[in-house]
Structures are given as structure tokens and as C-alpha cells.
Amino acid sequence: MHAWPNVDVPHLSLLAPAPAIFDSASQALVTLPTGKRTSIYVCGITPYDATHMGHAATYVAFDTLIRLWRASGADVDYAQNITDVDDPLIERALATGKDWQDIAIEQTELFRTDMTALRVVPPAHYIGAVESIPLVIERIQQLQQADAVYSLDTDLYYPVTKASTVGQIAHLSQSEMETVFAQRGGDPNRPGKHEPLDALLWRGQQPNDPWWESPFGNGRPGWHIECAAIALEYLGPQIDVQGGGSDLKFPHHEMSAAHAESATGQSPFAGAYMHTGMVALDGEKMSKSLGNLVFVSKLRAQGVDPMAIRLTILTHHYRQDWEWFDSALADNVERLTIWRTAFQSHHPAPDISEHIISALANDLDTPTAIALVDAWATSTLSQTHPESHNHDVAQTVDALLGVI
Ligand code: 5CA
Ligand code: ZN
């Protein structure tokens, strides 16, 4: 698939320190490698009800990481998928009478335009599940050779007993895992499974379901093997960061890491597992199933500046769960005006770039970075400082916070 157009990111004269980010697996800050080929895989959308504010917040957070990481000298290779065939998309197609492929094409395009408006740097590899079916088949065959597949009726499962990563990213108890597994697309109670948490690798052809030919019979891929296969193909057997919202820790990231490790025999699959907090609306997680959604495209159609949306997102720390309020958007429309006035002002001001960079290098502390720019803008506009560096701060904000 094609991604969206590249974003012009200014090159900074300061070299940023290597970013330290919170790794859900070790539950500690880890410093990312720089100066060599580094890689990140961020789970992409299932293309319906895109792009809601939860999606936007997650992709803006990873964008902020990638901008900083590149500014620290790393050559970051970036892959993202599109889950363009899966149960919820097919259910939506059946419920609306639309073709699932048309929904996927239309919603992926909408996502591209929203990401472009939010100045999110595109992945080098933007890969759909459907176009990856041959990769999935190869990985399942590799898993078969590793004795990590069993069949049940016309379906194939991965035995959780092979997975050393299960329990290691979300840190849930067995009973919590069984509950969450059922809520997030799993089938813990299916008769005939060896263990409740065994994960579906291939679903044999079902009525009303799209299917593809394979050595295991006609069918379609499971969800977790899709991301494992894409990451392994485009980034290699071991990546630096696996990313997504906190709702993907279990089962998705634990299972895709397990599939990858069993297939390649190399571990760990990822050096760090980075997760964003959940955005809520009206007190509940913003989700397609509840329908409590704020869409980036609707705000844009109302004339909202996407940079104000981006700023509203960045006023929250990426790991925090937070609630969307229109009043916060209004505050950030105002903030943006003040910042832009200060950027264009000919009044002299100090260069605070180094402080902004330090805040971001410390687990992407965007609220502190924003407070620094706020204070800078106020002092710039009250002309109390001796030197002129407004252009430098504008460039740093453009390069690292993605706001112009
Ligand atoms: N296609 C899969 C990943 S392979 C998927 O989870 N798609 S999604 O469309 O449901 O979500 C896309 C990304 O947005 C995921 O990283 C998910 O964790 C994140 N996300 C979904 N809802 C929210 C929310 N309310 N707040 C923050 N992030 C969210
Ligand atoms: Zn994924």
C-alpha cells in the first residue's frame, strides 16, 4: 500500500540525546539505540471509523518519538500495517450492506488525509493484511516446522505453551488474561482448544467470509500473525520498538511477539514495547464498539486547525489515559495563535531548544515541552530578553512537536 506524503522536518543544529521510553515489558525506562539502523513497528488501524481521536493520539505519540529519535542521529526504519481484513471490519460490512473492501479503501484514504493534516511522518512500509497473506502463510509454515501449530476443524492454532512472552508485557493474571482475551477477539472457551489462550493463526473458510487459498486450505489469517509477519518481513527478526495503544498489550503484542520468536528462534522480538494511554469521551474509552467517537476529519471540516488538534493531544503525556473535551481544543486554538505570534515576532528571546529536547528525551514529556514553549512565548511577547533566537525555537517546535 502507499502511505501518505512525507513531511518536511527541519534538521536541527543540536544533536538530541537518545530517547528514553517506558517499556511495558520491563516496566522501566529504556534508552533506545542510536547511530545505527534502528526499527519500529506501530500497529495500524483496522479501517473503519477512522480516524478517531484515540487513533490520532496514538499515531501522534509515535510520531513524536520518531522525530526525536531521528534528531538523536538514529536511522529509523518504520513499518505500520493496515488490518484490512478482520472480524470487526467484516461485521461492519455485513451490518451496513457495504463491501468490506470498499470500506477498507475509503477509510484508509481518510486516515491518510488525517495523518497528513496532523503532520505525522509516514512509515517507510505501509502494509495491508490482504497483500501480506503470502507472508503470513510462510510464517505459519515456519511455525509448523517449529512444532508450534495445531489444527482444530479447518482452523489453525498456536499453542500458548510455546509462548515465552505471554504474561510478560501486560503482566495480567491467568484469569485476567482469559477475560481480556474474550473481549479482544479471542475465543478462550472454544471446545477442542488445548489451552484457552491458544491463538488463532488461520481461520478456515466460513460462509460470508472472504478467503484465500493456502496449503492449509482456503481461509484467512488470524490477527496476531499478520503483524508478526509484516514486522519480520520489512524490519527483520528483532526490532527496537513495538508500539500501539495500551489495549494492544494483551493479547495482541504478547501473541505477535510470541509468534515471531517461535518462527525465527530469536528473542526478544522487540527491545521495548511502548504503549499509549486510552482517550475517552463522556467517561468511557473512545471505541468503535461504543460509538463515542470524535473524528479528526469532522473537526477539520468544521474549520479546526489540525495543528490545534495535535497540540491538544500533546498536552497529555502519552502514557496517561485522558478524556477529550472541546474546551481543551479551544484552549489550544488560543495557544497556537500565541505561539505563532511569538514565532513571527521580531522581539528578541532566548533559545530554549535544549530544554525542549531534554523534556522529550525523558519519556516524551510533551506537557513539560509545551509549558516551556508557553513560558517562552509569553516572555517573547513581553520583550524582556536580550538575544534573538525566535527562528530556532520555531524550528525545534516544528521538528520535534510537529507544530507549525
Ligand atoms: N488494527 C489493529 C492493530 S494491528 C487495531 O488495533 N486497530 S484499531 O483501529 O482498533 O486501533 C488503531 C490504534 O489506535 C491501535 O494502536 C489502538 O491501540 C489505538 N487506539 C484505539 N482506540 C484508542 C483510544 N480510545 N485511545 C488511544 N488509542 C486508541
Ligand atoms: Zn498489530
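The values are calculated or read from the model by the stated rules, or taken from the named source; none is laboratory data. All values derive from a computational prediction rather than experimental measurement. Using ideal geometry, Cβ is built from the backbone for each residue, glycine included, and neighbour counts are taken over all protein chains shown. For accessibility, only protein heavy atoms count, side chains too; no ligands or nucleic acids. Shrake-Rupley method; radii C 1.70, N 1.55, O 1.52, S 1.80 Å.
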Ignoring ligands, DNA and RNA, what percent of the accessible area of the chain is carbon or sulfur (1.4 Å)?
50 percent
Can you give me the solvent accessible area of Lys285 with a 1.4 Å probe, rounded to the nearest 10 Å²?
80 Å²
Taking the chain as the reference, fit the longest principal axis to its C-alpha atoms, fit the long axis of helix 223-235 to the helix C-alpha atoms, and give the angle between the two in degrees, 0 to 90, nearest 10.
60 degrees
How big is the equivalent ellipsoid of region 251-366 along its three axes, where each semi-axis is √(5λ) from the Cα gyration tensor, reported in whole Å from largest to smallest?
34, 24, 11
Shape category assigned to region 260-303 from the gyration tensor of Cα positions, a/c cut at 1.5
prolate
Compute the angle between helix 133-145 and the longest alpha-carbon principal axis of the chain, please, reported from 0 to 90 degrees and rounded to the nearest 10.
60 degrees
In Å², rounded to a whole number, the accessible area per residue of the chain with probe 1.4 Å is 40 Å²
Over the Cα atoms of the chain, Rg to Rh with Kirkwood Rh, two decimal places?
1.00
Please give the length that would be gained between Gln344 and Glu131 if that part of the chain were fully extended, namely 0.36 nm times their separation in residues minus their C-alpha to C-alpha distance (nm, one decimal).
72.0 nm
Who wins for biggest fluctuation among Leu110, Leu12, Leu68 in a Gaussian network model of the chain, springs between alpha carbons below 10 Å?
Leu12
A convex hull over the alpha carbons of region 2-161 yields, per residue, a volume in Å³ of 161 Å³
Too-long pairs where the Cα-Cα distance tops 29 Å, listed order kept, from Lys36/Lys249; Lys98/Lys288; Lys36/Lys162; Lys36/Lys298; Lys36/Lys288; Lys193/Lys249
Lys36/Lys162; Lys36/Lys298; Lys36/Lys288
Convex hull volume per residue for region 187-248, taking Cα atoms only, in Å³
157 Å³
Show me the ranking of peptides 195-204, 142-151 by mean Cβ neighbours inside 10 Å, starting with the highest.
195-204, 142-151
Based on the alpha-carbon gyration tensor of region 303-401, what equivalent-ellipsoid semi-axes (square roots of 5 times the eigenvalues) come out, in whole Å, largest first?
23, 16, 10
Between the modelled labels at Glu109 and Gln27 (7 Å from Cα along Cα→Cβ) the distance in nm is 4.7 nm
Which residue fluctuates most in the GNM of the chain (Cα springs below 10 Å): Ser379, Ser246, Ser24?
Ser379
Of all beta bridges DSSP finds with both residues in the chain, what is the antiparallel percent, to the nearest 5?
45 percent
Taking 7 Å along the Cα-to-C-beta vector as the label spot, tell me the Gln141-Leu381 distance in nanometres, rounded to one decimal.
6.3 nm
Once amide H atoms are built 1.01 Å from N in the peptide plane, which residues 5 or more positions from Trp322, or in another chain, come under 5 Å H to H?
Met278, Val279, Ala280
Ranked by GNM mean-square fluctuation in the chain (Cα springs under 10 Å), the top entry among Ala349, Ala28, Ala328 is Ala28
Please report the accessible area of Ile352 (heavy atoms, 1.4 Å probe, ligands and nucleic acids excluded) in Å², nearest 10.
20 Å²
How far is helix 87-96 tilted, in degrees, relative to the longest principal axis of the Cα atoms in the chain, given as a value from 0 to 90 rounded to the nearest 10?
90 degrees
How much FRET efficiency would the formula 1/(1 + (r/R0)^6) give for Ala182 and Ser151, where r is the Cβ-Cβ distance and R0 is 30 Å, rounded to 0.05?
0.85
Rounded to the nearest 0.05, what FRET efficiency do Asp374 and Gln101 give with R0 = 56 Å and r taken as the Cβ-Cβ distance? Could you check?
0.75
Distance-filtered residues of region 190-233 - backbone nitrogen under 11 Å, label point 7 angstrom along Thr161 Cα→Cβ:
194-195
